[in-house]
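The values are calculated or read from the model by the stated rules, or taken from the named source; none is laboratory data. Not measured: the values here are computed from a predicted model. Cβ atoms come from the backbone with ideal geometry, glycine included; neighbour counts cover every protein chain shown.
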Amino acid sequence: MYSEKAKKNADACRFCWMCRHLCPVQLVTGKETNTPRAKGLQVSMEERGFQMDAAAAKTMYECLLCGSCTNDCVTGFEPPVFIREGRSQAIVNDLAPDCVLRVVEKEQKTGNIYGEEKCKVNLQGVPEKGDTLVWLGATARYSVPETAEALLSLFKKAGVNVAVLANEPASGSALGDLMGFVEDVRTEAKKAGEAIAASGAKKLVVLDSYDAALFRHEYKDWGVELPEVVTATTFVDELVKAGKLTPKQEKQMVTYHDGSRLARDLDEHQPARDLLAAMGCELHEMFLNRRLSRCCGSAVFGQYMPELRTQIAQNRWKDAQRTEAKLLVAACPQSTEAFSSTVPDGYQYMDLFVMLNKQC
C-alpha cells in the first residue's frame, strides 16, 4: 500500500509532462516509462486495481532519485516519494529485478553495496573517538579511497584532530535507495547513530552527500539523535577562510559539477566554488548548475545498472564539454566514481579534495 502522500503526488504527476525533459535517465533511454509522469500513472493504476508485475517494478529502479523533477515542479510535488515507495512495493511483492536483489544481498551481508570486507582507506594512526568525527561513506571507503585519504591529509595539514570509525556501519542511505525507507533502513540508521554517539563526537563531518542528506533529513524523524552535521566541503572551506590551509595559486580553467544531493537536498553550492577560487581556478559554469544540475549517476545505480549509469555520466560530460574548460571537478565520492571511468579524450577529471590536497 502506498502512503497518502505518495498517492497524492502520483495523482498530480500522472497528467503532467512539465519535467520530462529534465530526467537524466529518460534523456538517455528516450523511454516514456522513464518519465516521472509515467511512474505516477503507474502508481495511480496500482491504486485502482492494476497489479504490479516485474516489468513495472523494473521501471521504478530506472530512476536516480536525484530530485531534478522535484526541483522544477512549480506546484511542489515530489515524484521521488512515490518512486521510492514503488521500490518498497517491488521488494515486498518479490518483484524487484535480480540485479537489484544482488546489491541488496551484498549490502545486508557486508554493510556496503560493494560487498567488500576491508576498508581501502589507510586509517593507520587515526583514532576512533574524538570531538570531530569524519564519516567517509561506503563509496570513499571501498571504491575511491583517494578522496577520503586526501580529505584526511587536509585535516592533518590544518592541524585538526579528527576521528574515523574503523568499522563504519551503513548509514541506511544505500538501502533506502534500494528498497525505500522501510524498517530495515531505520534499523541501520539506529546502529549508525549508536556508533556515532559512542565516538563522543560533538561534530560530524560528512564526505558523501548521500549520507549527509539522510543524516540531515531523515534521522531526526526516525528518533536518531546526531551531533552537529557538517558537509566536508563546508568544513574545509571554513579551514581555508580561517587561514589553517593555504593552497598554492595555480591559474587553470575548470568547470564544476554540483552533485544532486549536495545541490538540491542540502541546498549547498558556494563552498566548493570558494575552494576553487582559493586555488586560483577560473571557473566556467555548465549551463545546468547549482540546483539545476544534471545528475551523473549514483553509486547504488551503478551497482545494479552499470551500463546505464555509464551513459548518464557520459551525458553529463557532454555538458562539461560545452564549456571551455578541459578539467571537470566534483566534490562527492559518488560523482568521482561515475566520472573517473568515463573521461573523454582530451579531458581530465579530479576530485575537489584531491586537487586541494595537492595544492596545500
Requested in this report: Restricting attention to the stretch 226-251, report how many residues are modelled with pLDDT of 95 or more, assigned to a loop (DSSP other than H, G, I, E, B) and surrounded by fewer than 21 Cβ atoms within 10 Å (Cβ to Cβ).
Outcome: 7
Report task. Pull up the stretch 301-325, narrow it to residues that are assigned to a loop (DSSP other than H, G, I, E, B) and surrounded by fewer than 16 Cβ atoms within 10 Å (Cβ to Cβ), then point me to the one that is modelled with the lowest pLDDT. Result -> Glu324
Report summary line: Result of the Cβ filter at 6 Å on the stretch 288-308, keeping first residues that are in contact (Cβ under 8 Å) with a residue 24 or more places away in the chain and farther than 14 Å from Cys99 by Cα and partners that are part of a helix (DSSP H, G or I) and basic (Lys, Arg), at least 6 apart or interchain, is Arg291/Arg264; Arg294/Arg316; Cys296/Arg316; Gly297/Arg309
Report summary line: When restricted to Cys69, Cys63, Cys119, the only residue buried (at least 20 other Cβ atoms within 10 Å of the Cβ) and more than 25 Å from Ala189 (Cβ to Cβ) is Cys69
Requested in this report: Say whether the condition of being touching a Phe, Trp or Tyr at 6+ places or on another chain (Cβ under 7 Å), buried (at least 22 other Cβ atoms within 10 Å of the Cβ), more than 18 Å from Leu22 (Cβ to Cβ) and of a type in the set (Gly, Ala, Ser) is met by at least one residue in the stretch 254-275.
Outcome: yes
**Report entry** Residues located in the stretch 113-150, provided they are assigned to a loop (DSSP other than H, G, I, E, B) and under 17 Å from the mean Cα position of the chain (by Cα)
**Finding:** Ile113, Tyr114, Leu136, Gly137, Ser143, Val144
**Report entry** Residues of the stretch 252-271 satisfying the condition of being within 13 Å of the chain's Cα centre (by Cα) and assigned to a helix (DSSP H, G or I)
**Finding:** Ser260, Arg261, Leu262, Ala263, Arg264, Asp265
Query raised in the report: If only one of Val126, Val121 is among the β-branched types (Val, Ile, Thr) and out of contact with any helix residue (DSSP H, G or I) (no Cβ under 6 Å at 6 or more places or on another chain), which one is it?
Result: Val126
Query raised in the report: Which of the following residues is touching a Leu at 6+ places or on another chain (Cβ under 9 Å) and at pLDDT 95 or above: Ser298, Ser340?
Result: Ser298
Query raised in the report: Taking the stated definitions as given, is Ser153 assigned to a loop (DSSP other than H, G, I, E, B) and either in contact (Cβ under 8 Å) with a residue 40 or more places away in the chain or in contact with a Ser or Thr (Cβ under 7 Å, 6 or more places away or on another chain) (or both)?
Result: no
Query raised in the report: Out of the stretch 1-41, which residues are over 26 Å from the mean Cα position of the chain (by Cα) and surrounded by 16 or more Cβ atoms within 10 Å (Cβ to Cβ)?
Result: Asp11, Ala12, Arg14, Cys16, Leu41
